Amino acid sequence: MKKITFLFVLLTISLGFSQSNLENFEGAAPATNFFDDNGGGQINVIANPDTANAINTSATSLEIITNASGNAWQGAQLILQNDIMDLTTNATVTVDVYSNNPTDILAKVVPGSGGSGSDSATDASHGGTGWETLSFDFTMPRDGTGAANGSYQNIIFYPLWNTVGGTCTSGCYSPYGTPGVSAMETIVIDNITAVAAAPAETCSDGILNNGETQVDCGGPNCDACPNPPSGPPTTPPNRAANDVVSIYGNAYAQAPTDGFQTFGSAVVSEIDFSGNTILSVTTPDNGSGLQYQYFGTTPQFLDLSAMTNMHIDFYFEGSPAAVGTVFIVIAQYSDGTNIQKNFDVTALASNTWHEMDVAFAAFDGNPGYPRDEIQQVIVQVAGDDGAQVGPFYLDNLYFHNNTLGVEEFETSSFRVYPNPTKGEWNILSNSNISNVSVYDILGKLVMSKQPNLNQVSVDATSLNSGVYFAKVEGVNGSTTVKLIKE
């Protein structure tokens, strides 16, 4: 057992300092620039000049051509966009270099915007035999720099360096190290390999960088980018005015309120979809949310005594919620008692609308309490970790009396039979039925069908006995019917 543990530790350490190919020029090329070249240097992504060799068989490489009219110390700089070099422990960078002429090359690493070390330069020699793998050891600094001591985003290649391994005080660049006296040199590089370090935090710099999919968001390092709904949820069914009390939404007239508040640092705004508005809510703190108040309206309280159900549509952006988060809706009674329903949303799909329609009898707190003196309707988030991840969106928060029973339903344009049933319900309509969604009493969708016919059969054999609600949609709108499974 001790031997196994010891080997595991060694393997872990070895992997921790392993090198990665940070740039192979096969995808999008990194940002580059040539300097001190008098405008004539070239950096080009080209086809591999020799794919028959045993060192580098990749399809594309980077060509660097110096300008004979530029300064001898002209250089080509590459800015790594994703992984950057960590030279704190292993300070060696290997590069495949192609040249048909013997040449010396100076490489210099610079921290750039994503690194943290001091500039460091070192050199290596190429034998002029085509592709060769050169090792640049930055513990052996050159050109007046110190040893590498951190992380680096930029690497610069100086093809006209001419003093590998020596102490250079002047004439370090061919042919003479004199300004304006240079030479024409072509090298091709590929497969820049070093220990990779995670880029520094750039998620608030206002720049699209380090793999971000949008400025300061997305990619491997930043929070997910905003992904709000592309439209509102399904329009609620037509209901008589005395069968619904609307808190928020465009489908029904909203009940008069004498106040709207946020709490716990919540931020609320509206998004307008051609006149159909929804609420966008950000809740950075545990228990934060919003509330509608009914203290001074006429009548003073919100009377929900004739209502049987509460309805809410919500949409979570990104991850639905932090682990353990519960989405809570509360109706606070005039004596301070909460009539409360909790929704555990951690397992729900993100970036889609969820429709919850729940009977008061299924509420978690005080389900049988009188509902004739409601002073506040509250929506909040509570979680084990104390934080909500990502904004969420609300629409169609209302209470209703689910009056579409069997008798009323059969006299309308829809008819359902048998109801109750032990096997299946048959739904008939005078017009095309486009969608049927069946929910249990807790508002959970248990099945849906898209018949596009005037008649549809709904198999209830797999359902437990109890009450269900079917939302039937067609060309003339939608309606909800109560179904009973025996």
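A few remarks follow.
- Total formal charge among the other residues, if their Cβ is under 14 angstrom from that of M307, Lys/Arg +1 and Asp/Glu -1: -2
- At R0 = 30 Å, FRET efficiency that the Cβ-Cβ distance of V446 and S20 yields, to 0.05: 0.05
- Each of A28 and S125 was given a label point 7 Å from its Cα along the Cα-to-Cβ line. The distance between the two points is 4.1 nm.
- Taking the Cα centre of region 241-400 as origin and assigning +1 to Lys and Arg Cβ atoms and -1 to Asp and Glu Cβ atoms, the resulting dipole is close to 60 debye.
- Those aspartates and glutamates that a straight Cα-Cα span of less than 20 Å connects to K485, excepting residues fewer than 8 apart in one chain: D357, E407, E408, E410, E424, D440, D459
- Shape analysis of region 17-197 places it in the rounded category; the axes a ≥ b ≥ c from the Cα gyration tensor give an a/c below 1.5.
- Region 241-400 shape via C-alpha gyration tensor axes, a/c threshold 1.5: prolate
Every number here is computed from the coordinates shown, using simple stated rules; none is lab data. Note that this is a predicted model, so its numbers are computed, not measured. In this analysis, Cβ positions are derived from the backbone assuming ideal geometry, glycine residues included, and neighbour counts consider all displayed protein chains.
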